[in-house]
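Inspection log for the structure reproduced underneath, given as C-alpha cells.
The values are calculated or read from the model by the stated rules, or taken from the named source; none is laboratory data. No experiment lies behind these values; they were computed from the predicted model shown. As a convention, Cβ positions derive from the backbone with ideal geometry for all residues, glycine included, and neighbour counts pool all protein chains shown.
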Amino acid sequence: MLRLHSIPIPASHRVKVQTAALPVAAAPSPLAFDGLVRQTGEALHEELRVSARDRAHSDAVRRACGALEKAGEELVAAREVAESALASDAVNLAVEIARQLLRIEISEQNYGLEEIVRSTLAASDIKRGRCVVHLNPDDVAALEGVTFRDETEITADPEIAPGTVVLETPKGLLVREPEVVLEDIREQLLQDIAR
C-alpha cells in the first residue's frame, strides 16, 4: 500500500489560480462523438486540400514564370543571331541574283565587252607596249571592228569562258572573270559588314 505524505510548499512557490479566467460553461455538442470526429476530419481534410491547391498553384506559377523567362532569353539570343545573319544572308542573296543575271546577260552577249576590255587594259598600267587580249571566240566576233590602242592584239581562245578577259602583258597576266569579280564583291561586302 502506498502512503502519501504531505510536503509543505513554501509561499514563494505557491500559485494562485484565478477562476474568472476559466470558461464558465461549455455548450454541449448536438453531435455524437462519431459525428464530431467526422466533422472535424472533414474540416481538416478541406483545409489541407485548399492548402495543397494553393501550394501547387504557387509552384505552377513559379515554374511558368521561369519557363517564360527562359523562353524570353532564348528569343533574344535567337533574334541576335538572326540579326547578325541577316546582313550576310542579304549579301549572299544579292550576289547570287547578280550571278544569275550576269549569266543571262552573257548568254545574250549583252554585257559591255568593249568596256570590260578597255578597263582591263587600263588596270594593267601598261601605257604602251605589246598586249594580247585573249577572249572567247564569240566575244572576239562581237568586238569585230572595234579598235584599241596600238600594239594590242585580240585573239580567240576557246578555253576562255564568255565574258572573261585574259590580258597578257610584258609584266604578266591580268585575268578578269565575272564569277571571280562577283566573289570579290561578296567578300568585300562581308568584310564591310563585319566591321
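Cβ-Cβ contacts under 8 Å between residues 6 or more apart (or on different chains), taken from a first residue in the range 33-51 that is on the phi < 0 side of the Ramachandran plot to a second residue that is hydroxyl-bearing (Ser, Thr, Tyr), are listed as LEU36/SER29.
A search for C-beta distances below 6 Å between a residue of the range 118-137 that is closer than 22 Å to GLU108 by Cβ and of a type in the set (Lys, Arg) and any residue that is outside any loop (DSSP other than H, G, I, E, B) and at pLDDT below 85, counting only pairs 6+ apart in sequence or on different chains, returns nothing.
Whether a residue is in contact with a strand residue (DSSP E or B) (Cβ under 7 Å, 6 or more places away or on another chain) and free of Cβ contacts under 8 Å to residues at least 24 places away in the same chain was assessed, and THR155 passes this test. Against the criterion of being modelled with pLDDT of 90 or more, closer than 26 Å to ALA87 by Cβ, out of contact with any Asp or Glu (no Cβ under 8 Å at 6 or more places or on another chain) and acidic (Asp, Glu), GLU159 does not qualify. Candidates in the range 95-113 are the residues that are in contact (Cβ under 8 Å) with a residue 24 or more places away in the chain and among the small types (Gly, Ala, Ser); of these, the one that is surrounded by the fewest Cβ atoms within 10 Å (Cβ to Cβ) is SER107. The residue list THR147, THR164 contains one member that is hydroxyl-bearing (Ser, Thr, Tyr) and touching a residue at least 12 places away in the same chain (Cβ under 8 Å), which is THR164. Among the residues examined, ARG99 qualifies as in a helix (DSSP H, G or I) and under 30 Å from ASP138 (Cα atoms).
Selection of the range 69-91 for residues being surrounded by 14 or more Cβ atoms within 10 Å (Cβ to Cβ) and at pLDDT 90 or above yields only VAL91.
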